[in-house]
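Everything on this sheet refers to the single structure shown next.
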Amino acid sequence: MINRLRTSFLATPYAIWILICTILPLFYILGYAITTSEGSFTLSNLTAIADPVHLSSLWLSIKVAFVTTIICLILAYPVALILHNLKISNKGFVVFLFILPMWMNFMLRILAWQIILSNNGILNSILSAIGLPTVHILYTKAAVTLGMVYDFLPYMILPIYNALSKINDSVIEAAADLGANWWTTFTKITVPLSRDGILSGIIMVFVPALSSFVVSNLLGGGKVLLIGNVIEQEFTLARNWNLGSGLSIILMIFVLVSMSIMNRLDDSENGGMIV
Amino acid sequence: MKKVKNTASYLYLGLIFLFLYAPILVLIVLSFNDSMSRTIWGGFTFKWYANLTANDSIMDALGTTIRITLASSILATALGTSAAIGIHYMKKRHAAIMLGATNIPLLNADIVTGISLMLLFTRFTPLGEFSVVLAHIAFSVPYVIFNVLPRLQSLSEACFEAAMDLGATPWYAFYKVVWPEIFPGVLSGFLMALTMSLDDFTITYFTKGAGVNTLSTMLYTQLRKGIQPELYALSTILFLLAFVMLLATNFKGNSKKEVADK
């Protein structure tokens, strides 16, 4: 018991760290959000979300983030499943191949998509070479969504893959022995048992997609204004830190609400990474 | 039937890899392009690689990036590992509070984390490399903690106690019994912190202050006037380094495994 008390002191530096670098900054942003630039109390920075421009960018962000998350889930689940069933000795290596792109600068990778998607770009050259009609999607919502799917896909693959690895294979065999076909096994056993991974993946994609401003800057070309872009502009161009903080608080509340909805869906309480 | 399914699986994996690696291929090709334009192929050249070290602003940003990444990931690993051990031995209720707070940077949008830290830092310290390091520690510590904690949880308490009963000092017992078990978690936490820090833009952008540039923020300011082609060369080198390191650890892991199998 004495031992236990003494070891828990190892967390003291971190407890202090949490107070200063996690909790205190939140009070600061809240402080800015509920004051005017002169320092008197106001709620106008928070209610500013009702402004049609802000509201439509929030709505657009939600739509883009939602579509991005769904596409990531649809693309990632088979990948995780295939990886899991792969009969090779060194799966860790293959899994790492999904993280490796992050070692090429994120900004450059998105820029490369600009080059691929532009009207005279690589994609259209390939399309016209094989006789298909060309596409003009750069600087549209579609391009922004594609960029986000690209950027966040690994965050969906890895948690699902980890969840699948934890499933005891004999459970699946048992289902097959009891006469379940592939589809029944998949929907009744595999998916429910990987639910934690799916939920982590959804959160890890939805939250950054909701608040991203770089992808929409590069692939939306200023035409796609997400809530992240609005907040960024308040801090860098408009220099209205109070309004920027107010909108950030709204964004935060929004993330927390979607998170608690997700948590409601996830009734198991095993405190893994995220949720 | 099974063969068809296998082929389809590999084809699908291949397509996903193509999707993930296509932009990287484009950038590697651009690093050999003898033209300032991003869209015109001007012939093959090594000159961007040759010019690289002579480009002071890029070398400066590279140095800043390496300093920030190493400092923040090493400090985050130390802070996070000791925190994980402390949390593991805490009362359940206290541990739950600590873990709840640990989740905040993970759940918060990067832009909100970056802005809130900037608002705090501007009060107490001039923004610069130091504030960026603090901010990077703030968002990478949770990854370390959540990588180390599961290792501690699967550790049998009895081993540590047995070591103590056999006369080991707590430190010696920790070093011989606990550390080897949690080390893989510490290492993967460190690598995640390293990768996250290296790839971060948003939080750096808000906390860096004027005059300090990492590779990411430098690229962002260059987007409008055009990217210096040397940056493609540098990124290609960094990417290939990471790839070679991955291959090397993979082969090392393999040979170890073979020995173990024998």
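Dividing the mean sequence gap of close Cα pairs (under 8 Å, 6+ apart) by how many residues region B:56-227 holds gives a relative contact order of 40 percent.
Placing +1 on the Cβ of every Lys and Arg and -1 on the Cβ of every Asp and Glu, with nothing else charged, gives chain B a dipole about its Cα centre of roughly 580 debye. When the Cα gyration tensor is reduced to axis lengths a ≥ b ≥ c, the ratio a/c is 1.5 or higher for region A:1-129, and with a/b not above b/c it is classed as oblate. Shielding of peptide B:13-22 by partners, expressed as the average count of other chain Cβ atoms within 10 Å per residue Cβ, is 5. A Gaussian network model of chain A, with springs between Cα atoms under 10 Å, assigns the largest mean-square fluctuation among A:131, A:147, A:244 to A:131. When A:241, A:113 are arranged by Cβ crowding within 10 Å, least crowded first, meaning fewest neighbours, the order is A:241, A:113.
As a ratio to 2.2 N^0.38 Å, the alpha-carbon radius of gyration computed for region A:168-275 takes the value 1.57.
So how do A:191, B:112, A:95 line up by other beta-carbon neighbours within 10 Å, fewest first? Before the final figure, lay out each step's value.
On the way: A:191 13, B:112 27, A:95 18.
In order of increasing Cβ crowding within 10 Å: A:191, A:95, B:112.
Projecting the Cα atoms of B:132, B:158, B:203 onto the charge dipole of chain B (Cβ charges, centred on the Cα centre) puts B:158 farthest toward the positive pole.
Averaged over the residues of peptide B:116-128, the number of Cβ atoms from other protein chains lying within 10 Å of each residue's Cβ is 4.
If R0 equals 30 Å, the separation of the Cβ atoms of residue B:44 and residue B:248 corresponds to a calculated FRET efficiency of about 0.60. Peptide B:82-92 has a mean of 6 when you count, residue by residue, the C-beta atoms of other protein chains within 10 Å of its C-beta. Starting from the Cα gyration tensor of chain A, take the square roots of the eigenvalues, sort them a ≥ b ≥ c, and report rounded, prolate or oblate (rounded when a/c is under 1.5, otherwise prolate if a/b is larger than b/c, else oblate). Because a/c hits 1.5 or more and a/b fails to exceed b/c, chain A counts as oblate. When the P(r) of region B:1-153 is calculated, the portion above 22 Å amounts to 66% of the C-alpha pairs. Using only alpha-carbon positions in chain B, the gyration tensor eigenvalues give semi-axes of 39, 28, 18 Å once each is multiplied by 5 and square-rooted (largest first).
Note on residue B:188 and residue B:53: their simple-model spin labels are 3.8 nm apart, each label 7 Å out from Cα toward Cβ. A Stokes-Einstein calculation at 4 °C with viscosity 1.567 mPa s, built on the Kirkwood radius of region B:127-261 over Cα pairs, returns a diffusion coefficient of 70 µm²/s. Taken about its Cα centre, the protein assembly as shown carries a charge dipole of about 560 debye when Lys and Arg each add +1 at the Cβ and Asp and Glu each add -1 at the Cβ. Given axes a ≥ b ≥ c from the Cα gyration tensor, I'd like to know whether the protein assembly as shown is rounded (a/c under 1.5), prolate (a/b larger than b/c) or oblate. Because its axes are fairly even, with a/c under 1.5, the protein assembly as shown counts as rounded. One decimal place: the segment residue A:96-residue A:177 gains 25.8 nm when fully extended, by the rule 0.36 nm per residue minus the C-alpha distance.
In this Cβ point-charge picture (+1 for Lys and Arg, -1 for Asp and Glu), region A:51-265 has a dipole of about 100 debye about its Cα centre. Here the Gaussian network model covers chain A, with springs between Cα atoms less than 10 Å apart; of A:45, A:124, A:217, A:124 fluctuates the most. Spin-label model, residue A:256/residue A:50: points 7 Å from Cα along the beta carbon direction are separated by 2.1 nm.
Screening chain A for whole DSSP H helices with an alpha carbon extent of at least 27 angstrom along the helix axis and a mean Kyte-Doolittle hydropathy of at least -0.5 yields A:52-85, A:141-166, A:241-265.
Considering only alpha-carbon pairs that sit under 8 angstrom and 6 or more positions apart, the relative contact order computed for region A:30-130 is 8 percent. With neighbour counts taken as other beta-carbon atoms within 10 Å, the residues B:52, A:127 rank, fewest first, as A:127, B:52.
Every helix of 4 or more DSSP H residues in chain B counts as -39500 (n - 2.57), and over all residues that averages to -26500 deg cm²/dmol at 222 nm. For chain B, a Gaussian network of Cα nodes joined below 10 Å ranks B:157, B:181, B:129 by mean-square fluctuation, and the top entry is B:157. Between amide H atoms placed 1.01 Å from N, distances below 5 Å from residue B:109 occur with no residue 5 or more places distant or on a separate chain.
FYI, it's all coordinate maths here, none of it is from the lab. What you see is a predicted model; the values in this text were computed from it and never measured. Here the Cβ is made from the backbone with ideal geometry for all residues, glycine too, and neighbour counts use every protein chain on show.
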